[in-house]
Each structure stands twice: as C-alpha cells, then as structure tokens.
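Engineer: The following block contains the structure, expressed as structure tokens.
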Amino acid sequence: MTKIIDGKVISAAVKQRVADGVKELNAKGITVGLAVIIVGDDPASKVYVANKKKACEALGIISEEYALPESTTEEELLSLIKELNSKKSINGILCQLPLPKHLDEKIIINSILPEKDVDAFHPSNVGKIMIGDYDFVPCTPAGVMEMLKYENIDVEGKTCVVIGRSNIVGKPMGMLLLHKNGTVTICHSRTKNLKEICLTADILVAAVGRANFVTADMVKEGAVVIDVGMNRENGKLCGDVDYENVKDKASAITPVPGGVGPMTIAMLMQNTLTAAKKQNNCKE
Ligand code: NAP
C-alpha cells in the first residue's frame, strides 16, 4: 500500500510544537515577533502574506505587516529593514519575493540581519547550510525534511535525486539530504538522461514548476516521491508529479494540494521561534 504523506497532519504537529514553544517564551516574559514586508500589488504575494499573518496569529506570534506601494525606492525599503533589524520585539524579517523590478533582491536580502533572516536567503545563512552548521533552513526544503522524519523515512545511504536547482528549493534540498548521508544528484534543465537518473532514486524530489513533469516511467518501484511543485492547470492546483499514475508505483508520495505546501508556512513559524530563542539566549 502506498503511504500518502499528509502535509496537513504533519504541519499541524509542527505548528503545535511552535505554539508550545511560544507559550514557554511568553511565560518568561519574552514575545515572538515576525515582520513581513510586501512591496506592490502582486495578488499571489498578497495571499501568501495573509496566510503567514494568519498562521502567526494562531500560534501566538506577533506579526507586523508592512505593505509598501509599488513605487517604493530601494533607499526607503533599506531604511525600513534597518529599523526592523534593530527593533527588539521583531525576531524575524521576511521580504516577500518577487520584488518589483526596480528593486535589487540581492541588495535587499543582504540587508536583513542574518539572525533575523527566517527565510534563510542571506548569503551567510546559505553558507552555513553548505557547511552543515545552521539555525535556519529555507522553509520548503526544511518542510520536506520534516515530512521524511515524521514518516521515519531514513535518508542515510539512499540514492536521492532532486529535480531543480533553485536557490530556494533545489540546492538547499540537495544539501539537507546530503547532511543526512543521502547520495545526492541534483538535476536541471541541461541534465542529460534525466529519466535514467530519476529511475535510480530511492527518494525523488521534484521542484521543477511543470505540471505532470514526473511520469510513472521515471519512477523506480517503491521509491519515495516528494512533489514540491505548485502549478495551476485549468484553474486547479497541481504538482510536478503525475500523481494518479505514479502513486501506485511509489512506496510513499506527497499529494498536491495537501503535501509540501502546508509545510512551508509551518517551517517559517518554526524558524521565527528559533530566531526568538537565539536572540534571547534560550536553549533549543
Ligand atoms: P525555479 O526557480 O523556476 O526552478 C526550477 C528548476 O527546474 C530549475 O533549476 C530548472 O533548471 C529546472 N527545470 C526546468 N525545466 C526542467 C527540465 N525540463 N528538466 C529538468 N529540470 C528542469 O522554481 P522553484 O522556485 O525552485 O520552484 C519549483 C516549483 O516548486 C514551482 O512549482 C514552485 O511553485 C514550487 N514551490 C513550492 C513551494 C511550496 O511551498 N510547496 C515553495 C517554493 C516553490 P535550470 O536551473 O537549468 O533552469
């Protein structure tokens, strides 16, 4: 029987853990605060920001939303980040991407204090992930690792194939699997023999951004299949994996929706709690 890995159940467990952690800090007189900056009117970004705010409220995390107009200058945005960097009640700062074209994402991300960079996009945090000594991990790969842990899927010695090499998902995903002693291959649009490589995978992670990209003939019998993709097809949310045809071949699989998606916000909440603990010298 294929195990359907339920992101709703696992994210609820993570959120409960975070809510308990927040309560413990509150009992010591410490609050936990997340600032979310959004520039412009991108509808998808607005939905993500609203969801993050809702999650914070449910877990006792104070959320501050800074909705700035599209016309915001780099100087104005940097000045806000500088203010939030030194604001004691704010433990985490997140700048919703993508930013309008006239703003340089690199400059903006680099201006967030690494210890408040709960998205783990700052080069300092990226470097820490590389050497395996990190506090924050980008939320989506962190969510995948949490799912594997929850389901007792051991990575050690497994052949892991990640399709996608973005800085947000593919690359950190590969590093986290490597840190757990998986043997990792990261594939991308120039990869030759993608199907053959995927067929070697005990754990296959798809982060491509193309609906039904991973077909059953690319999946080894009994593989664990993690679908990070979030695509819209005919108005319907679907992943990168041809779920209906792959699910009978896999030993475990994440659905879309209800798989990796709900984990991302839960791990953001976890990173915010970690930031608050670190900044207040509390033990993990
Ligand atoms: P991205 O930056 O567009 O990266 C896509 C990756 O897929 C690239 O590395 C690209 O290779 C590779 N790729 C494209 N076509 C390919 C092909 N034909 N064969 C092999 N590799 C191919 O996307 P992303 O930000 O990593 O996101 C990936 C997907 O995950 C999207 O659907 C996104 O919406 C979803 N996502 C979900 C969550 C969540 O919370 N569940 C969070 C983040 C992202 P090149 O580098 O060579 O171009």
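The values are calculated or read from the model by the stated rules, or taken from the named source; none is laboratory data. Only a predicted model underlies this, so the values are computations on that prediction, with no experimental measurement involved. Reconstructed Cβ throughout: ideal geometry from the backbone, glycine too, with neighbour counts over all protein chains shown.
Engineer: Of these, VAL155, VAL144, which one is at pLDDT 95 or above, touching a Lys or Arg at 6+ places or on another chain (Cβ under 7 Å) and crowded, with 20+ Cβ neighbours inside 10 Å?
Structural biologist: VAL155 is the lone residue from the list that is at pLDDT 95 or above, touching a Lys or Arg at 6+ places or on another chain (Cβ under 7 Å) and crowded, with 20+ Cβ neighbours inside 10 Å.
Engineer: Can I ask one more? Out of the residues in the range 177-234 that are at positive phi and within 14 Å of the ligand (Cβ to nearest atom), which is surrounded by the most Cβ atoms within 10 Å (Cβ to Cβ)?
Structural biologist: Going through the qualifying residues, I end up with ASN212.
Engineer: Follow-up question, since we're still on this one. Take VAL169 and decide whether it is surrounded by 23 or more Cβ atoms within 10 Å (Cβ to Cβ) and not assigned by TED's automatic domain parsing to the domain that holds VAL225.
Structural biologist: No, not satisfied.
Engineer: If you don't mind, another one. Hey, which of the helices (runs of 4 or more DSSP H) in the range 64-138, taking only ones fully inside, have at least 1 residues that are closer than 22 Å to VAL47 by Cα and touching a residue at least 24 places away in the same chain (Cβ under 8 Å)?
Structural biologist: In the range 64-138, 74-85, 105-111 are the helices (runs of 4 or more DSSP H) which contain 1 or more residues that are closer than 22 Å to VAL47 by Cα and touching a residue at least 24 places away in the same chain (Cβ under 8 Å).
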